[in-house]
1. Tally time: how many residues in segment 80-93 are surrounded by fewer than 18 Cβ atoms within 10 Å (Cβ to Cβ) and in contact with a helix residue (DSSP H, G or I) (Cβ under 8 Å, 6 or more places away or on another chain)?
2. Among the listed residues 189, 143, 161, identify the single one that is assigned to a loop (DSSP other than H, G, I, E, B), over 23 Å from residue 114 (Cβ atoms), out of contact with any helix residue (DSSP H, G or I) (no Cβ under 6 Å at 6 or more places or on another chain) and touching a residue at least 24 places away in the same chain (Cβ under 8 Å).
3. Of the conditions (1) touching a residue at least 12 places away in the same chain (Cβ under 8 Å); (2) assigned by TED's automatic domain parsing to the domain that holds residue 382; (3) part of a helix (DSSP H, G or I); (4) over 23 Å from the mean Cα position of the chain (by Cα), residue 271 fails just one. Which one is it?
4. Take the conditions out of contact with any helix residue (DSSP H, G or I) (no Cβ under 6 Å at 6 or more places or on another chain) and not in a loop (DSSP other than H, G, I, E, B) and apply them to residue 56. Does it pass?
5. Picking from 170, 243, which residue would you name as being more than 20 Å from residue 123 (Cβ to Cβ) and part of a helix (DSSP H, G or I)?
6. I'd like to check something: does segment 374-381 contain any residue that is closer than 21 Å to residue 271 by Cβ and in the same structural domain as residue 285 (by TED's automatic domain parsing)?
7. Limited to segment 54-63, what total is found for residues that are exposed (fewer than 12 other Cβ atoms within 10 Å of the Cβ) and under 28 Å from the mean Cα position of the chain (by Cα)?
8. Could you please give the count of residues in segment 314-331 that are buried (at least 16 other Cβ atoms within 10 Å of the Cβ) and either touching a strand residue (DSSP E or B) at 6+ places or on another chain (Cβ under 8 Å) or more than 20 Å from residue 68 (Cβ to Cβ) (or both)?
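The values are calculated or read from the model by the stated rules, or taken from the named source; none is laboratory data. Treat the numbers as computed from the prediction; the structure is a model and nothing was measured. Glycine gets a Cβ as well: all are built from the backbone with ideal geometry, and neighbour counts include every protein chain shown.
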């Protein structure tokens, strides 16, 4: 009987490892698959904890501050302009809390399991990379999907042009595996340049900027090469990018004509530059909404309702008629508009506590996977750079997966 129970526990944990290892695949399929996978991982994880009587695993600082964040979102929901809209995102946030600790439960406990998961994630990342290159050459991906916007790659996401976020979320985790696996570090540098370049040809400007920053910071920290060689590599990467821009009319339009030229025309005045972009109209509307709902915001998923109201019209912004959208396209403005000072302060306290502990542990242990997730989290909150919604299933799943990796190595 004991042997049967032991085998049952082993099979449950094996299945949990399998689900986590293949989780990036669900990100390429759609929100319903992502949510189903997260819920299944959560249920299986809780089942294992109960069966093995390891509920104490959840009794730590990070779990309590995540619960604090969840409670803050519920309070925000109750004070929102439309509770029904906010309900699913606010209550449903608990799935990410459990998801974080399911990954933490598996990682950093068994080196073979860790390696299996990181290898699986990296293989999926490599497949996506090859698919992106294929689409950039032939105009459609390996499944026949084709982007509707020139200069943008859709890859496996078809009509959803957000593969750049996937790339941003997994590039450092893959580079970490490569760094640990290769004996000759010069090959690591080749992969770093290769992946950074692929992020560029995707055509998502904001995600490329973030990728460029995190890969450069990652390289500065982990590589032992002397400074002038690091700077040389930096300029080689930039030269490759500029050469590609000069030869590719679609990328030239996106990165040079739509970004660099307007900056020059406005004397590098960022505020003036944003006045002539759709992002500027979104940011301005979010700021106005925040001013009208300063304490608790309008509630999660309510920006899409509030942003279209006539009182937010601002003729100073060229694309003001496009201000109505699902979210403000910038994480700080999203927090302020939808959760107000209460929610924004709650998030600030949460991340301050988490980052203080994590940075201290990074200096002590110098684990590369830990560093990867930490850099991802820090750069995700870069001000002004456009971003996807923090609370959508796709974006949130990528963010909390990286958060879970950091938390796993925080012990």
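1. 5
2. 161
3. Answer for residue 271: the failing condition is (1).
4. When the stated conditions are applied, residue 56 passes them.
5. 243
6. yes
7. The total comes to 2.
8. 9
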